[in-house]
Structure formats: structure tokens, C-alpha cells
1. Over segment 9-57, how many percent of alpha carbon pairs lie in each 10 Å bin up to the one with the longest distance?
2. Subtract the Cα-Cα distance of R20 and R223 from 0.36 nm times their separation in residues, and report this length gain in nm to one decimal.
3. What's the angle, to the nearest 10 degrees (0 to 90), between helix 58-72's Cα axis and the longest principal axis of the chain?
4. Taking Rh as the Kirkwood radius, which is the inverse of the mean 1/r over Cα pairs, what is the Rg/Rh value for segment 365-474?
5. At 1.002 mPa s and 20 °C, plugging the Kirkwood radius over alpha-carbon pairs of segment 16-103 into Stokes-Einstein gives what diffusion coefficient in µm²/s?
6. Go through 91-103, 152-164 and give me the packing order, highest mean Cβ count within 10 Å leading.
7. Which GluC sites (Glu not before Pro) in segment 243-332 pass both tests, a DSSP loop state and at most 13 other beta-carbon atoms within 10 Å?
8. In the chain, carbon and sulfur make up what percent of the accessible area (probe 1.4 Å)?
Amino acid sequence: MRTAYSVETVRAAERELMARLPEGALMQRAAAGLAAACAEVLGRVYGSRVVLLVGSGDNGGDALYAGARLARRGAGVTAVLPAQAERTHSGGLSALLRAGGRVAADAAAAAAVERADLVVDGIVGIGGKGGLRPDAETLAGVVERSRAAVVAVDLPSGVEADTGEVRGAAVRADLTVTFGTHKPGLLIDPAREYAGSVRLIDIGLELPPDPELEALQHADVARLLPVPAADSDKYRRGVVGIAAGSPRYPGAAVLAVSGALRGGAGAVRYVGPAGEAVIARFPETLVSDLGPAKAGRVQAWVVGPGAGDDAATVAEVLAIDVPVLLDADGLRLAERDAVRGRTAPTLMTPHAGEAAALLGVPREEVEGARLAAVRELAAVYRATVLLKGSTTLVADSGGGAVRVNATGTGWLATAGSGDVLSGLAGSLLAAGLSARDAGSVAAYLHGLAGRFAADGAPAGAHDVAEELPSAWRDVYR
């Protein structure tokens, strides 16, 4: 499990560790890891040109000490200091100058960046908020236009560590070297887009058991996936009901069923106007025309994909005392109080536009503050919420760590992909997973399947569904 902690938690852990170490030892650990990562990016250190963008905080000190290590290996290292040069980390600056590094005046800073092979961004630390100051913004623009590789210290300057928000100009890194633990902004868009690849350097922090964010890995997903026992039958494995589709959107029903059939449940029941299309494509589906309440044994329902304006079916499903997944039109048609009043688990799966409509805010507000949005939706609806996007977030109404998933690909932004995800997650609900686990495991597998289906080229939603077994097998390898 990959975890991320808040700035407050990280700083408390750093203070506790520094109290037990000799003065400056923690910064030296960070600088050693940073210098090693920079050397790897450069390939050949001797004769390379390195520019350090040095802020007034500890990140600037890390950059200076790392620069000193590179200078001792033969790199030409130039430090660009902030306007308030007296606030520069004095020990780090002395170490750099002793190693043969130099300081560039403001007028020479841009020229140094333009000639650099590597730029180390140590302008702003993890406490930075509100984007870069004008002078740093100008420098960040020069960096972006240069051909230099960019390594950020702890996180790119200009992004907010706790929220993943980017409120103004920010440095775009090729690699971010972070210390002790991941910070939420390194895992959540839009900040994640600025971080590039992320390398975690262990500096010995002792962190509490409850992080802000969790990111499942293959081993975590493998432990959660439902595996039938020798005495399992289709009912013990779970039955998922799909109430989806309409005369206008029959394909949504077919795609939701396709995801559900590959989600671990023992059987799929379909209720809706697209029964003929579903049976033609998936003859193993149990089709009923009696409505959700009379469809037979069902351990979880998926309702909403392609439902059009069928509010009655959405209300009928919500009244059934089993786990329910609400997606697409179901999100729009569901009464808020009906969702809030449920005793069985509810999993809502909006994209940013749907989340914005539910919260009554512009879409841009959700996209710019995804972590806040998913937490607010979960609290308002008293449900588990899966906020779709390039990084998918899953939040419980009771708080706790938000799950984040980044296995997806931009090729998943295609019509019907979300219907496949809904069927998959609904099947996992029926198989017995909690709403939080079903949502995060489904997002993980769906993202992998999208990668396998696309393989660098466009793919349709049906291709994604067909690659779900490959994703399962990959997780178990």
C-alpha cells in the first residue's frame, strides 16, 4: 500500500526524529538521496551543468547540500538564490561554495537555466500555498522553455501538498524526489501532472497508522479480489442486478452487464428495456421484466447507466436493502434524502461534471479541488463516492483515508467506459466487498484493462471489458 500524509503530520514526525539525531543529520539524509537521484537523471555527472533554484526554506537547504555533492563529483553547479538572499540556508550555501559551486546574480539566472543539463527546483517547500511569487513565476517559465531535465525537491514549487491544488503558476518536474512519505498532492490531479515520476527517499520518519491517502498496489488488490471456494455456487459467489439502459441508450445496459460478468459475482440479473440486446450479447445473463423488486435474489444493484429519465426505477432500487451503485443518470434522478436515508451501503460513481451538478458548483471547481469535492460529496450524501478522473478518488462518508488510483490511461476517456466500471464495481459489491473496497479495486482493474486494451492506440469500452480477465491475471502474477 502506498500512503500519503498531511504536511502537519510530516512536520511532527520530522521534529520527533530531529530531536534524536545530531543537528543537520536529517537534511543530510535527504540531500544524499536527492543527489543520487539527480546523478541518475544526468547519467554522467562530471562536466554536467546543474542549476539549483534555491528558496528560503529547508527545500533550499536540501538542494544546496545535494548540489555540493554533485559539485564534488565534477559537475558545474550554479545556485540561483531568492530575492531575500539573507534567508538562504547558510550551511548549505557554505557547503556548495566550498565544493566549487557558485551563485548566479538575478540577471544571469535565466542564462544559467538555458544552458543547464539539470535544474533542481528547491524554491518552495511543502508548506507553500497559492502559486509562485512573480519573480519565481518568471523563473519557472524559463525552466519550462529550457531543454533541461527538472528534478523537484519534495514536491514541485507552486503546488499545494495537502490538497493537490494548483492555484497559479507552478514548476513542471520530470522527477520529484520526496522524503519520508508521499504527500497527497503528489498523487492527486491537477498537482500530480506537475510532479512527473515520483521517487520516495526513506529518511527514517515514524508515521501514524492513519494516512490521508492510500493507493492500492497489486498485492493489495490480489488480497481483496473474490476467489470462489471449492463448494461455491453462483449464489454463494453473489448475484448482481443491473437496472440500466433505455430505448435511446441500450448499449449502456450491454456494457454494464459486460463489466458485471467479469467482476467476480456468480450471476448477473438484468432488468430494463434492453433485455434483447443484453441476451444477444451475453446469453448467460438472467433477464427479468418484473422490475427490480421482483427480479429474484440479488445481493447488490447497479442502477443508472443509460437510464434516461426513469426516476421510478432508480427510486425502486434505492428502496431495496442491499448495496447499491448509483451511476450516470441515476446520480441525477436519485433523491438526496433517499440516498442519505439508506442503511445498506451506497456507492456513487460521478465524473467531475456530475459531481459539480450534485454539489451545485462549476465543474472547474471540482477539477481544481478533487480531494475536497469527493470528501464533501461523501459527507453530503452519507455514501461512498468514487470520483472518476485521471486519478480516481474513493471516499467514505465517515472520513478516513481517501483511496487514490492512477492505473488508468487517457484512452479510457471514451463513451461507455464508465458503464463497464459500474458493472464491475457492482459485481464486487455483490461478491461481498465493502463499498470502499469494491470501488477502489474496480478502479484499479478498470485502469489496467484500459491500458491493456489501448496498448498505445484508441480502444472502445467493449475492448476494456474484454481485457478485465487479463487485468485480474496480471494482479495475481
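The values are calculated or read from the model by the stated rules, or taken from the named source; none is laboratory data. This one's a predicted model, so the numbers in the text were calculated from it and none came from an experiment. Note: ideal-geometry Cβ built from the backbone for every residue, glycine included; neighbour counts use all protein chains shown. Each accessible area value is taken on the protein alone, full model and side chains, heavy atoms only, with ligands, DNA and RNA left out. Shrake-Rupley method; radii C 1.70, N 1.55, O 1.52, S 1.80 Å.
1. In whole percents, the pair-distance histogram is 20, 40, 27, 13.
2. Working: separation 203, 0.36 × 203 = 73.08 nm, distance 3.74 nm.
That works out to 69.3 nm of additional length.
3. 60 degrees
4. So for segment 365-474, dividing Rg by the Kirkwood Rh gives 0.98.
5. On the way: Rh = 12.9 Å.
Diffusion coefficient, whole number: 166 µm²/s.
6. Details: 91-103: 18.0, 152-164: 28.1.
With the highest mean Cβ count within 10 Å placed first, the list reads 152-164, 91-103.
7. On the way: sites: E276, E284, E316; in loops: E284.
The qualifying sites are E284.
8. 49 percent
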